[in-house]
Structures are given as C-alpha cells and as structure tokens.
Amino acid sequence: MKIGLLKNVTHAPAFVAIKKGYLQDRLGANVKIEVKGFNNGSDFSTAMATGQIDIGYVGPSPVINQYVRSKNIKILSGANNGGAVLVARKGSGVTSVKDLAGKLIAIPTKGSTNEISLRLLLQEQGLKVTTDKNGAQLIAMAPADTLTAMKQGQIDAVLLPEPWGTQIANEGIGDIIVEWDQIPPNRGNYPLTIIVSNDDFLKNYRNLAKSVLLANEDAIKFIKDSPDDTYSLVSDELKELTGKGLDVELIKATLSHLSLTTNIDQDALETMAQVAVDAGYVKGVGADGLDLAGLYDLSLLKETQEGK
C-alpha cells in the first residue's frame, strides 16, 4: 500500500501513525507500506490521480480541484484543523491584513489551502489579488525558502503552515500578524489536513482504507495523551522525509497550534471551494454551481466512530 503525506508538522497524525507502528498494526503484517512524502498538495493530487499513491494526508483545496477535474478521489476523514499563520517581514510596513495592499505575499503553491485562506483574509478587508501594486500580489514559494526570501527583502509576508511561521518569528525575521486561530474560514477551525483515497483503492480495499482511519484515530489519541513523547517521533519522521529533523521547541509550538480531529466540516470546505472557483483554479463548473456531494465517503469514518 502506497501512502502519501506532506512534509509538514501539520501532518503529525500521519507521522505518529507510522512511527508508533499503528499503521502497520492496523493493516496487518502482510501489508507492505510504502510512504511517499510531497512538498505540496498539487504534487500529491497528481500522484494520486496517476496511481502513484493509494491513500494519504493532504490539504483540501488541491483535492477539490482534482475532484472537479476527474471525480476519482474521495475525502474519508479529517486529521487536523488549522495550523497556518500569516507572517510579515520586519521592516515591510505590514502590521495588519489591511497593509497587504501593494505588497508581495508568498503562499506554498498556487491553489493551495493556504492561498484560499489568504484570499478569504483579503476579502474580509476589501482587498483584491492583482498582478500589480493596486492590490495584493501572490507568489508561490516553498515554505523552506521563505526564510531566506524574507531575510533578503524579496517578499513582504507569507501565509504558510507551521512550524515555518513560528521559526521566522523566533529568528527575528518577521512577526506573526494573524495567529492560527484567526485564519479563515471559521477562525482556524477549518480542515487543513484530511485523509483521501482514490476511487479504485477505496472500491477494492475498503478494509485497508478503514485500517488507515483507525490508525489515524490511534495517533491523534496518542498525541493528545502524550504530547511530550510525540516531539521526537515527529522529528524522526521529518528527518526520514527531508534529511533533517526539527527542533523540539518548534514542534511543541506547532502542535499547540493544531486542532486534531477526525471530523470533516463540509460547510468550511464549500466556502473554500467557492473561493477556488472565483480564483479560477476550479474549471468546468456548470450553471448550477459547484456540486461536491460525490467528493465525500464518510461511511468508514462513521463505522470507526461507532466502534464497528
């Protein structure tokens, strides 16, 4: 079984499920697990669409885009709500969202969940995304590169998942101007990390998919019950994925900015999907609007929650 995930601490339940052995225990000794790490959700969705991965953890916006294009992907469960922050470079003159007019703001990748949150923030202040100084300008940039870009004055602000924002603030490069629990939609209580599967895997291996959901529940419980024992597990998995671990204090700060949950807020996803449509990322929407009814299969989640 090929499982995908992003190389972010916001995917902590996936890291713990792997490192604690929950995933292997739930799947059984005869199932070989292959973990593939991705830098962004767009690459993840492409890999799922082409059969390179079967199931995994990712942000919702790329999944919505993929669903509208192909209808061959399903959201199965939540994993984490929130965990992204808006950071402004020191000396940029940005102390609030209103100040982003005429500024250059980085997001991890075009059409990402973080970009959708940023667009909602801008909308709240009556600001538009433009390609000139009349509005806020966006640039896609890997989170790891934003520290250098800020140091060199190349960007003014960035909205990105933790721990990057806290790291930028800790190094004195920038200031967090919108905390994780104030990011829209729902002031931080929105799906940032979800579990999805391609249709073929779900159809042919429902029991394996259910085992992944059970391992996810195991991991979330462990993180909540034993946070101090979680930090090294997360760091070790990051080291395997990226070649470099992460400072314990950064992981601790990040985990305090997450709301781990298996629940899926469909209303929040509808809001985010409409922003993606308006931004031109979701094509082919008919006159009746965006229909996401077929995007969800929460039957396995219901079974796990009911102890079946």
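Key figures
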quantity	calculated
Any hit, the stretch 99-111, residues being on the phi > 0 side of the Ramachandran plot and at pLDDT 95 or above	yes
Residue pairs meeting the criteria (Cβ under 6 Å; at least 6 apart or on separate chains; first farther than 18 Å from residue 5 by Cβ, in the stretch 196-208; second open to solvent by less than 100 Å² (accessible area, probe 1.4 Å))	199/72
Residues that are open to solvent by 10 Å² or more (accessible area, probe 1.4 Å) and in contact with a helix residue (DSSP H, G or I) (Cβ under 9 Å, 6 or more places away or on another chain), drawn from the stretch 122-132	123, 124, 125, 126, 127, 128, 129
Matching residues, the stretch 183-241, being of a type in the set (Ser, Thr, Tyr) and touching a strand residue (DSSP E or B) at 6+ places or on another chain (Cβ under 9 Å)	190, 193, 197, 205
Exclusive hit being within 22 Å of residue 165 (Cβ to Cβ), at pLDDT 90 or above, over 17 Å from the mean Cα position of the chain (by Cα) and among the aliphatic types (A, V, I, L, M), set 246, 258	246
Test: residue in the stretch 36-51 that is under 22 Å from residue 221 (Cα atoms) and in contact (Cβ under 8 Å) with a residue 24 or more places away in the chain	no
Conditions (1) under 18 Å from residue 263 (Cα atoms); (2) open to solvent by 40 Å² or more (accessible area, probe 1.4 Å); (3) polar (S, T, N, Q): number failed by residue 30	(1)
Selected residue [buried (at least 20 other Cβ atoms within 10 Å of the Cβ) and modelled with pLDDT under 95] from 188, 174, 135	188
Cross-chain or 6+ apart pairs with Cβ under 8 Å, the stretch 231-245 first and among the hydroxyl-bearing types (Ser, Thr, Tyr), then surrounded by fewer than 19 Cβ atoms within 10 Å (Cβ to Cβ) and part of a helix (DSSP H, G or I)	231/248; 231/252; 232/248; 235/248
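The values are calculated or read from the model by the stated rules, or taken from the named source; none is laboratory data. What you see is a predicted model; the values in this text were computed from it and never measured. Neighbour counts run over all protein chains shown; Cβ positions are idealised from the backbone, glycine included. Heavy atoms of the whole protein, side chains included, go into the accessibility calculation; ligands, DNA and RNA do not. Shrake-Rupley method; radii C 1.70, N 1.55, O 1.52, S 1.80 Å.
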